[in-house]
Each structure stands twice: as C-alpha cells, then as structure tokens.
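Here's the structure we're looking at; comments come further down.
The values are calculated or read from the model by the stated rules, or taken from the named source; none is laboratory data. Everything numeric in this text was worked out from a predicted model, so none of it was measured. Heads up, the Cβs are rebuilt from the backbone with ideal geometry, glycines too, and the neighbour counts pull from every protein chain shown.
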C-alpha cells in the first residue's frame, strides 16, 4: 500500500463506468497513469480494460440505489489503495413522458437513481475526503438542469435537485480542502437514449404536442448528438487538475448557448417584475 501511495497517481472512483461517457472517462484517466475504481451493474462490459490496465483498475459490480453496498465498495477501495482523490457520480437514467403519464413507481425509481444514489455516494466519500483534507467530487449533470424540456420533468428535476444539494455541500466542505463541481454537458453521442431512458407507463393524447414531440425529437437525435464522449472525458480530466475549478462547467456548444439564453431570459423576467419583487418588503419609515 505504501508504494502505491508514493507513486504519485491519484485514485478515482467512477460510477456508471461500463459504457458511454463513464467508460470513456475510465479509459482516459487510466491512460494518464492514474488508478480507477470503476463501478457498474455490468462488470463484464468493461472487463477488457482490466486486462489492459492490470493493477490500476478495479472493476466492481455496484447498483447506485444500494447505500450499504456503496459504502462497502468505497471503504474497500480506500483500504486497498490508501486514499481517494476524485469521485465522479456518473450513473444515471432518464424517465420520458409527461408527469401525468408516469407512474409513481417510475418516478420513485428515477429519483432513487439520480438523486438518492449520488447523495449516498457523497455521504460515503465525505469522511475520507475530510480526513485527508483533500478530494474532488464531480457530478455529471445534464442540459435539462439549465432549462428543462416537456417530458423530462422527473429526470430534469432529479438532476437539478442533486445539483443544488452539491451547491450546499460545496459551501460546507470548502474549509476542508474538498472541491465540488457539476458538469453540465449537452447531448453526447452515447447509447444513453437507447439504453437508459424509460418510457412513461401510459400515454395521454393531450400530451402529444408537448412531451410526445420531445420524445420524437430524442429519437431523431440518437446517433447524431454533437458531443464527443472522449472530449467530454478530456474536459473532466482538465477540471480535476484545475487549481480553481468552477462549480458548474457547461460543456458543448449546444449547452453553452442554452445556458446563455436561460440567463438572458431570467434577467429579463427579473427586470419585468422588479417592482412587484420589491413591493413585499416592509416600508422604511422616514426619519
């Protein structure tokens, strides 16, 4: 263990590592000579990387909705490699449909993966980060948190919720030398649309012009997304090395333009309703 501590390489813990962005990030980090604990529900899908990077990759089966298992896997990794430097919460899934079309069970399942899963991961990592007085927590967000779409109410809502949880945690742990960032990528060319989006339990004709239209748009986009997962992995690696990393890092032209439009729209709304906003305060008495 002591030799591994002294070799200069950092230890990463990456969830959702078997495909898409997760796999690209694992491979990119390993090529830099660093060590990775890659967690996935399908370890066989990433077994080939274990053969290529023997001794620097641990592939572990993990369901992000099992908090006791998360803590056990993370503690085992720290015990083996002596430290923890970067935790990337990447595992996630989407629920597509108007809110009224989704079942309560589907909603709860999506929140369990996108909100409670990352919270449990953070809870498991923070004691080690605090003890070290160092560490970087990186959460993979979504363009839906910049401004949401019809049909993504639960997905965008759960991703936005963990983003604001992270914003508070950042303020709580900064004194310990722990850094927190959220990556907001635009559409990335991965299998996510085919493999990680659950359709709503029912369809209601009234929603065809809203959530139904968005569902069609996603189908047409599949395989044509502008984001390159390898380049997103490069950006996350650069983020992890920055002396002063941002809290939010928007990635891709689509997401950047979307973020700017959202800021302009919000500023316009603030200006338009400024008088009403100011009208609710107690009136100061003269003299």
Quiz item: Within the range 189-202, which residues are in a loop (DSSP other than H, G, I, E, B) and exposed (fewer than 15 other Cβ atoms within 10 Å of the Cβ)?
Solution: 191, 201, 202
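Could we say that residue 252 is over 20 Å from residue 89 (Cα atoms) and either touching a strand residue (DSSP E or B) at 6+ places or on another chain (Cβ under 8 Å) or surrounded by 14 or more Cβ atoms within 10 Å (Cβ to Cβ) (or both) here?
Details: over 20 Å from residue 89 (Cα atoms): no; either touching a strand residue (DSSP E or B) at 6+ places or on another chain (Cβ under 8 Å) or surrounded by 14 or more Cβ atoms within 10 Å (Cβ to Cβ) (or both): yes.
Against the criterion (over 20 Å from residue 89 (Cα atoms) and either touching a strand residue (DSSP E or B) at 6+ places or on another chain (Cβ under 8 Å) or surrounded by 14 or more Cβ atoms within 10 Å (Cβ to Cβ) (or both)), residue 252 does not qualify.
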Exercise. Hey, could you check the range 130-181 for residues that are touching a residue at least 60 places away in the same chain (Cβ under 8 Å) and surrounded by fewer than 16 Cβ atoms within 10 Å (Cβ to Cβ) and say which is nearest to residue 240 (Cα to Cα)?
Key: 167
Exercise. List every residue pair whose Cβ atoms lie under 8 Å apart, where the two residues are 6 or more positions apart in sequence or sit on different chains, the first residue falls within the range 237-253 and is at positive phi and at pLDDT 95 or above, and the second residue, located anywhere, is surrounded by 12 or more Cβ atoms within 10 Å (Cβ to Cβ) and part of a loop (DSSP other than H, G, I, E, B).
Key: 252/186; 252/187; 252/226
Self-check item: Among (1) in contact with a helix residue (DSSP H, G or I) (Cβ under 7 Å, 6 or more places away or on another chain); (2) at positive phi, the one test that residue 55 misses
Solution: (1)
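Being surrounded by fewer than 22 Cβ atoms within 10 Å (Cβ to Cβ), more than 23 Å from residue 238 (Cα to Cα), at pLDDT 95 or above and touching a helix residue (DSSP H, G or I) at 6+ places or on another chain (Cβ under 9 Å) narrows it down to one of 101, 76, so name that one. Steps first, answer last, please.
Numbers: 76 fails: touching a helix residue (DSSP H, G or I) at 6+ places or on another chain (Cβ under 9 Å).
Selected residue: 101, the only one of 101, 76 that is surrounded by fewer than 22 Cβ atoms within 10 Å (Cβ to Cβ), more than 23 Å from residue 238 (Cα to Cα), at pLDDT 95 or above and touching a helix residue (DSSP H, G or I) at 6+ places or on another chain (Cβ under 9 Å).
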Practice problem: Sort out which residues of the range 43-63 are in contact with a strand residue (DSSP E or B) (Cβ under 8 Å, 6 or more places away or on another chain), outside any helix (DSSP H, G or I) and farther than 12 Å from residue 26 by Cα, and write them in order of number. | Solution: 60, 61, 62
